[in-house]
Amino acid sequence: METVSDFESSNIQKIGFDQAQSLLQIWFHNGTTYQYFDVPTNVWEAFKVSVSKGQYMHAQIRGKYRYTKV
């Protein structure tokens with residue numbers, strides 16, 4: 001899983017993506033982790049370079065993909 005953690009966010013600690021499974025994982029500062037399924041690679045690529053990870057997550061990921069709390 002490719003992970004990215006070199007960014008500042010008040011809510012998100014780290015993001016990761018498993019391209020083979022189209023699985024996006026988001027770790028939050030409060031200790032919760034969510035996995036989002038069937039996420040296209042282009043969404044991951046845009047998420048990695050987004051200025052605000054929280055805004056991108058709410059606009060482009062939350063409510064659009066099936067997910068589970070880990």
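If you check V39 against the conditions, is it open to solvent by 60 Å² or more (accessible area, probe 1.4 Å), among the β-branched types (V, I, T) and modelled with pLDDT of 95 or more?
The answer is no for V39.
Applying the selection to the stretch 29-43, what residues are of a type in the set (F, W, Y) and within 10 Å of the chain's Cα centre (by Cα)?
Within the stretch 29-43, Y34, Y36 qualify.
Go over the candidates Q60, Q13 one by one and state the one that is open to solvent by 40 Å² or more (accessible area, probe 1.4 Å), in contact with a strand residue (DSSP E or B) (Cβ under 8 Å, 6 or more places away or on another chain) and at pLDDT 95 or above.
Result of the check over Q60, Q13: Q13.
If you go through the stretch 44-53 one residue at a time, do you hit one that is under 9 Å from the mean Cα position of the chain (by Cα), surrounded by fewer than 17 Cβ atoms within 10 Å (Cβ to Cβ) and modelled with pLDDT of 95 or more?
For the stretch 44-53, residues under 9 Å from the mean Cα position of the chain (by Cα), surrounded by fewer than 17 Cβ atoms within 10 Å (Cβ to Cβ) and modelled with pLDDT of 95 or more: present.
The values are calculated or read from the model by the stated rules, or taken from the named source; none is laboratory data. Every value quoted in this text rests on a predicted model; they were computed, and no experiment measured them. No Cβ is skipped: glycine too gets one built from the backbone with ideal geometry, and neighbour counts run over all protein chains shown. The accessibility values were calculated without ligands, DNA or RNA, using every heavy atom of the protein model including side chains. Shrake-Rupley method; radii C 1.70, N 1.55, O 1.52, S 1.80 Å.
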